[in-house]
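Contents: one structure, followed by commentary.
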Amino acid sequence: MESNTYLCAYCGAPLSLNDKECSHCYQPVFITRASVIRQNMNKLDGKKINLAYRRFCEKRAENEPQALLSLGITHLQQESYDFAIRNLKKAAELLIDDVDAYYYLAIASLRGKRPRKCTLSVIKEVTGYLDTALNLEDQGRVYYLYGVLIDDFYNWKKLRYRLTSSDMYNHARAFKVNDEDILEIRSLCHLDG
């Protein structure tokens, strides 16, 4: 039997299906960072919070594209890549100018593998999503992820590519990539293991 309790991904407080923000921590109910879900895994009741939050997004996803994005991010962090990709593709179709949808779709398309362990066709698909994200808005974390892909796939396999990782890392710094973004990318791309 499914519980009807929905919880805020940030603080674990109860949510109503009509809420736009949490009445306890005042955060928006829809997350845009995978790190929120990852941080919950370190809490005693983190799995319960993440499951209740996922159910909340599932209930709202039919009518709210932002819920699809949050649901995709939740599935990505829980390593349910097929569900993540499905929800993130729908979110990208509906939120055509949302950088987060393309950014997380790029990461989900790696399916939990290091870039060097992916096929060239997967890497081309991923770089296509990153190109789209950068056409929408310059963001440090998107440039950093692009640099990681070039380093860990093209440079590692000694293949030429039209861009250089050093250019991408320079752009990442110029557009204020932060330590949290770098840790998230390294974790989601399994670079430290």
Step by step: first the residues of the range 151-193, then only those that are closer than 15 Å to residue 116 by Cβ and among the acidic types (Asp, Glu), then the one that is modelled with the lowest pLDDT. Which residue is that? 192
Note: among 90, 117, 47, 20, just one is touching a Pro at 6+ places or on another chain (Cβ under 9 Å), of a type in the set (Lys, Arg) and without any contact (Cβ under 8 Å) to a residue 24 or more places away in the chain, namely 20
Which ones in the range 134-174 are open to solvent by 50 Å² or more (accessible area, probe 1.4 Å) and acidic (Asp, Glu)? 137, 138, 151, 167
Checking residue 78 against (1) in contact with a helix residue (DSSP H, G or I) (Cβ under 8 Å, 6 or more places away or on another chain); (2) open to solvent by less than 40 Å² (accessible area, probe 1.4 Å), the condition it does not meet: (2)
For the range 117-133: of the residues being of a type in the set (Gly, Ala, Ser) and open to solvent by 10 Å² or more (accessible area, probe 1.4 Å), which is farthest from residue 185 (Cα to Cα)? 121
Is the range 60-74 home to any residue that is more than 24 Å from residue 22 (Cβ to Cβ), out of contact with any strand residue (DSSP E or B) (no Cβ under 9 Å at 6 or more places or on another chain), among the small types (Gly, Ala, Ser) and assigned to a helix (DSSP H, G or I)? no
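Listed here are the residues, each with its yes/no results for (1) buried (at least 24 other Cβ atoms within 10 Å of the Cβ); (2) touching a residue at least 40 places away in the same chain (Cβ under 8 Å).
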| position | (1), (2) |
| --- | --- |
| 60 | no, yes |
| 69 | yes, no |
| 83 | no, no |
| 95 | no, no |
| 108 | yes, no |
Just to verify a result, which residue in the range 52-88, among those that are under 15 Å from residue 109 (Cα atoms) and hydroxyl-bearing (Ser, Thr, Tyr), is modelled with the lowest pLDDT? 74
Among the aromatic types (Phe, Trp, Tyr) and crowded, with 16+ Cβ neighbours inside 10 Å - does that describe any residue in the range 22-30? yes
List the residue pairs whose Cβ atoms are under 7 Å apart, where the first residue sits in the range 162-176 and is over 15 Å from residue 152 (Cα atoms), the second is open to solvent by less than 70 Å² (accessible area, probe 1.4 Å) and of a type in the set (Ser, Thr, Tyr), and the two are 6 or more positions apart or on different chains. 171/143; 172/143; 172/144; 175/143
Would it be correct to say that residue 89 is in a helix (DSSP H, G or I) and either crowded, with 19+ Cβ neighbours inside 10 Å or basic (Lys, Arg) (or both)? yes
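The values are calculated or read from the model by the stated rules, or taken from the named source; none is laboratory data. Note that this is a predicted model, so its numbers are computed, not measured. Using ideal geometry, Cβ is built from the backbone for each residue, glycine included, and neighbour counts are taken over all protein chains shown. Accessible surface is based on the protein model in full, side chains and every heavy atom, while ligands, DNA and RNA are left aside. Shrake-Rupley method; radii C 1.70, N 1.55, O 1.52, S 1.80 Å.
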